Every structure is written in structure tokens, then in C-alpha cells.
């Protein structure tokens, strides 16, 4: 250990490394995002050039069931409950499989509409993902996060998203982060849909999904049936038709 690193920062780093090895989070960058610190600041903590602040420690303790007094004093148990194979929240969706390029950066995996059925069956099989096309996009927004591209099929989201458009979504790690009014790609046991979330029912643990095309009615999906959720961030479209104006 580096001498300039305080004991509570040392304990913090050890606990983060333990959670990483257990697979609680996929990357240090994603971990940093959950507790509100910059990845470069975390790297400085590991190098003994920066200390962890109390606000970040409190977030760490709350999200990952960590005993804050242990970090500060070294007394007691490190974790409030067993962390083996547990997610930081009961509302986390399923784990992800990602692929990386030669430099170690995550690829954007593309799921064509004709591959949707296979994706539902193979979303936890590494061999399946090796067969899917991948690409990358420039820009800082695509460097910190996990993104996936889905091809649309049908007209349910006209006038916002058109048939065969490509929608790039950022992975939503926790269903509690879903916001009404935003568009999401929802992967369930039955289908992959791109819809606007119009309601969240905490009592029935379900989401109301709506189409932007008024010809389609909203419907409910139970959260327990959801495999993955991706928040729509970017669309790539070859449809240059004029919008239909109401008479």
C-alpha cells in the first residue's frame, strides 16, 4: 500500500475490488457512476493521490450494503449482509454480456429485427453474441456506459421512430431509474419492444408502455418479466419523409 493513502480509503478500495471480483458490477467506471465519483478520481484513490469523501462513502454504504463504521474505523463486519452473487438493489435487471474491441473498449452490439427472437433466447450465452455485428461511435457520451443498438420493426412509434430505424440505447441497471415519458427498449420473455413509458405502478410492479402512434393502445408489462432495459439515446434513420400534419 502507498503510505499516503489513509486507512479508510484503503478499506474502501479493498471492498470495491472484492465486489468487482464477485461480479456485482462489470467495470470500475460503472461502479463510479453509481456512487457519483469520476473514474479518474477513483484511479487517483488507488494510487494514493486522493481520499474518498464522506458523501461518496455514504452512497457506497447505502447502495452496496456496506457497514460505514467498518470503513471509517475498521471495526465490525465489512458488509451488512452477504454480498455473494447479490446485486446492489433488488430491482436490478439481469446481468449483461458485452464484447470489447482490441483496445478494451466496449463495442455497441447490433440486434437486427430479424434476430430479435434469437436475442431473447441467447441473451445470456456468450457464443451467441460473437455472431452479432458490432460497431463503435465517436463522442464522449459513448465512452462511459454500455450501449446496444436495436433495429425497429413496424409503425407503432411513428412519428418519432420509423420502421427499420436503428435505436441506440444505454443500459438501465436498475428499474427504479426508469422515468415516465422517456423511450426505452424493453427486452422481456416474449419480445423486444421500443416504447414510451407512460406509467409506473409500484403496487402491481408493472410498467405501462405506450406507442407514439395513437392507433396502438397502451399495455402493462410486469417487471418480473423484464430481462433488459435500455434507455433510447440516439436513433439512426434513413426515413426522410415529411411528418403527417393533423387536419
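Quick check: the angle from helix 54-63's long axis to the longest principal axis of the chain, C-alpha only, nearest 10 degrees?
That helix lies at roughly 60 degrees to the long axis.
When you take every Cα atom in segment 130-247, what is the radius of gyration, and what is Dmax, the widest Cα pair distance, in Å?
Both quantities, over Cα of segment 130-247: 14.9, 49 Å.
In whole angstrom, how far apart do the alpha carbon centroids of segment 1-70 and segment 157-200 sit?
First find each Cα centre; the distance between them is then 32 Å.
Using a basic spin-label model with each label point 7 Å from the Cα along Cα→Cβ, how many nm lie between residue 102 and residue 135?
So the two model labels end up 2.0 nm from each other.
Ignoring everything except DSSP H segments at least 4 long, calculate the 222 nm mean residue ellipticity for the chain; use -39,500 (n - 2.57) per segment, divide by total residues, nearest 500. Kindly include the intermediate steps, with their values, before the conclusion.
Working: 7 runs with 59 residues, N = 247.
Using -39500 (n - 2.57) per qualifying helix, the result is -6500 deg cm²/dmol.
May I ask you to derive the relative contact order of segment 7-73, considering only C-alpha pairs under 8 Å and at least 6 residues apart, and to give it as an integer percent?
Values: 41 pairs, mean separation 24.0, N = 67.
Reported as a whole number, the value is 36 percent.
Given R₀ = 22 Å, what would the calculated FRET efficiency be for residue 180 paired with residue 222, taking r from the Cβ atoms and rounding to 0.05? Could the numbers behind the result be given before it?
Numbers: r = 17 Å, r/R0 = 0.78.
About 0.80, to the nearest 0.05.
Give me the angle, in degrees from 0 to 90, between the Cα long axis of helix 7-22 and the longest principal axis of the Cα atoms of the chain, rounded to the nearest 10.
Here the helix axis deviates by roughly 40 degrees.
Could you tell me the relative contact order of the chain? Use alpha-carbon pairs under 8 Å, at least six residues apart, and round to a whole percent. Write out the running numbers ahead of the final one.
Working: 398 pairs, mean separation 34.8, N = 247.
Worked out over the chain, it gives 14 percent.
Using a basic spin-label model with each label point 7 Å from the Cα along Cα→Cβ, how many nm lie between residue 160 and residue 236?
My value for the distance between the label points is 2.1 nm.
On a full-extension model of 0.36 nm per residue, what is the gain between residue 121 and residue 205, subtracting their alpha-carbon distance, rounded to one decimal in nm? All intermediate terms of the calculation are to be shown ahead of the outcome.
Numbers: separation 84, 0.36 × 84 = 30.24 nm, distance 2.37 nm.
Length difference between fully extended and current span is 27.9 nm.
Could I have the simple spin-label model distance between residue 77 and residue 153, label points 7 Å from Cα toward Cβ, reported in nm to one decimal?
So the two model labels end up 4.9 nm from each other.
The numbers here are math on the coordinates, done by the rules we state, and not lab data. Everything numeric here is computed off the predicted structure, so don't read it as measured data. When we count neighbours, we look across all protein chains shown, and the Cβ atoms used for this are built from the backbone with ideal geometry, even at glycine.
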